[in-house]
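This report refers to the structure that appears directly beneath it.
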Amino acid sequence: MTIDEIIRFVSNLEGVLALRPGPGDGSPEISWGDTFFYYSPSGVVPNATQPFATIVTKNYPGDEKSRLDHPDAFRVNIAAGKESFIRWTGHAPREAAMDIDPSVTDTVIAHPVYGSAGWLAVVNPGQRSDKTTRELLHKAYDLARSRYERRTGATSS
């Protein structure tokens, strides 16, 4: 899977806003080149909502062990919910986990920084994790849409 394939897949889901920060848009420079996915039928970045998935293309402070400083390295981060987290990691988000190399590629792991919040991650998804990554992204989308509908009283058509 390439970054563009992931962006197309998620962006094709109804009501998704894909935010791609870059120079001149007022976003912090560290976020340039990354992608943030929100459920936002209005097309406006929600004020009090986190993205349901992101793609990061570089190491962030405190996350250097992911080794995203290599050419073509990227990580998909997914808020697919507690059940999915437990299914893929074997433990609840706030429980201690095995020490897993956060730079391992094509494998679903607990996010190296936000795993305790239930986020999953896949560095350079490939043949082994392509289907699973898509399923987890769709699950995260469904959860984000449900939260939106509860907050706004809207319903899906």
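The values are calculated or read from the model by the stated rules, or taken from the named source; none is laboratory data. Quick caveat, the model's predicted, so the values are computed rather than measured. In this analysis, Cβ positions are derived from the backbone assuming ideal geometry, glycine residues included, and neighbour counts consider all displayed protein chains.
Here are some notes:
- Meets criteria (under 17 Å from Gly118 (Cα atoms), surrounded by 11 or more Cβ atoms within 10 Å (Cβ to Cβ) and in contact with an Asp or Glu (Cβ under 8 Å, 6 or more places away or on another chain)) for Thr49: no
- Filter pass, Asp106 being more than 25 Å from Pro21 (Cα to Cα), surrounded by 13 or more Cβ atoms within 10 Å (Cβ to Cβ), modelled with pLDDT of 95 or more and out of contact with any Cys (no Cβ under 7 Å at 6 or more places or on another chain): yes
- Taking every residue in the range 27-56 that is on the phi > 0 side of the Ramachandran plot and pairing it with any residue that is in a loop (DSSP other than H, G, I, E, B), at least 6 positions away or on another chain, the pairs with Cβ-Cβ distances below 6 Å are Gly33/Thr57.
- Verdict on Ala97 being at pLDDT below 90 and not in a strand (DSSP E or B): yes
- From the list Arg67, Arg87, the one residue that fits, being over 28 Å from Asn12 (Cβ atoms) and of a type in the set (Lys, Arg), is Arg67.
- Residues (modelled with pLDDT of 95 or more, hydroxyl-bearing (Ser, Thr, Tyr) and farther than 12 Å from Ala18 by Cα) located in the range 32-59: Thr57
- Some residue of the range 17-31 being among the hydrophobic types (A, V, I, L, M, F, W, C) and part of a loop (DSSP other than H, G, I, E, B): no
- Single residue of Ala117, Ala80 found to be touching a Leu at 6+ places or on another chain (Cβ under 6 Å) and either modelled with pLDDT of 95 or more or more than 20 Å from Arg67 (Cβ to Cβ) (or both): Ala80
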